[in-house]
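Beneath this line is the structure, given in structure tokens, with notes to follow.
The numbers here are math on the coordinates, done by the rules we state, and not lab data. None of the values given here were measured: they were computed from a predicted structure. Here Cβ is always computed from backbone atoms with ideal geometry, including for glycine, and neighbour counts include all displayed protein chains.
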Ligand code: C5P
């Protein structure tokens, strides 16, 4: 299995992103583009990044009725991104519709993964706000199984959960793991962090790394450090 480092481009503007990308003259990187940047700049930002030869995980977390998600995914499939995502809470039918919309006429499609429970949702909020009474680990695992049943490629999870997800959903089921910090870097607002090297040991397939790279004094060096620890 190919391990890849995805850089979370949590920038507010195209200018900041381009400034960051212009540091990477020698290689192509895998970038996570989120709602802020996509909604501000539109599909043009995707074309701009692609024209520079980089890969894209378009993190829009679709969640709607199956027909709407299918049609939206059909539009996204034309952007030629490498990975997209949905909320598993949208149900198996919605996830199946997402795949249908995403698949091109030649049968190819980008990777598609699901978000289970957002890490901002505590067990207490799940119980009181959403009336879900089960322990959060059970809910996450159940959503992961649903994601697999629907035919998606994997889920976003903590590297702490990667082994368990692989055990329950299979080694081929991808784990995309944020919350990554170098042993000597600031944790910031993340709670359960892991180094790239530990994430590799836990069997994560992709790590999503933002500030340890984007806010580093030397982002290119930090990116190479991540790749060395995680991919080699
Ligand atoms: O800067 P940092 O490395 O903390 O960025 C992590 C990225 O992964 C951010 O874009 C954040 O929104 C995203 N993410 C996360 N935890 C999740 C899901 C996504 O940190 N559970």
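For a Förster distance of 35 Å, can you work out the FRET efficiency between the beta-carbons of residue 105 and residue 3, rounded to the nearest 0.05?
After rounding to 0.05, the efficiency reads 0.70.
Okay, helix-only estimate at 222 nm for the chain: each DSSP H run of n ≥ 4 adds -39500 (n - 2.57), divide by all residues, round to 500 deg cm²/dmol; what do you get?
-12000 deg cm²/dmol
Given springs between every Cα pair under 10 Å in a Gaussian network model of the chain, which of 147, 177, 68 has the largest fluctuation?
Highest fluctuation of the listed residues: 68.
Roughly how far apart, in whole Å, are the Cα centres of the stretch 39-54 and the stretch 164-232?
Result: 24 Å between the Cα centres.
Percent of alpha carbon pairs in the stretch 1-138 separated by more than 22 Å?
Value for the stretch 1-138: 46 percent of Cα pairs lie more than 22 Å apart.
Given the peptides 202-213, 46-57, arrange them by the average over their residues of other C-beta atoms within 10 Å, most packed first.
Working: 202-213: 22.7, 46-57: 17.0.
So the peptides 202-213, 46-57, ranked by packing, come out 202-213, 46-57.
Taking only Cα atoms and a 10 Å spring cutoff, compute GNM fluctuations for the chain and point out the largest among 162, 44, 150.
44
Go from 0 up to the bin containing the longest alpha carbon distance in the chain, width 10 Å each, and give me the % of pairs per bin.
8, 32, 38, 21, 2, 0
Using alpha carbons only, what's the Rg to Rh ratio of the stretch 191-232 with Rh from Kirkwood?
Answer for the stretch 191-232: 0.96.
What's log10 of I(q)/I(0) for the stretch 92-162 at q = 0.19 Å⁻¹, Debye sum over Cα points only, no solvent?
So the normalised log intensities are -0.81.
Considering the chain as a Gaussian network with a 10 Å cut-off on Cα pairs, which listed residue, 126, 145, 194, attains the greatest mean-square fluctuation?
126
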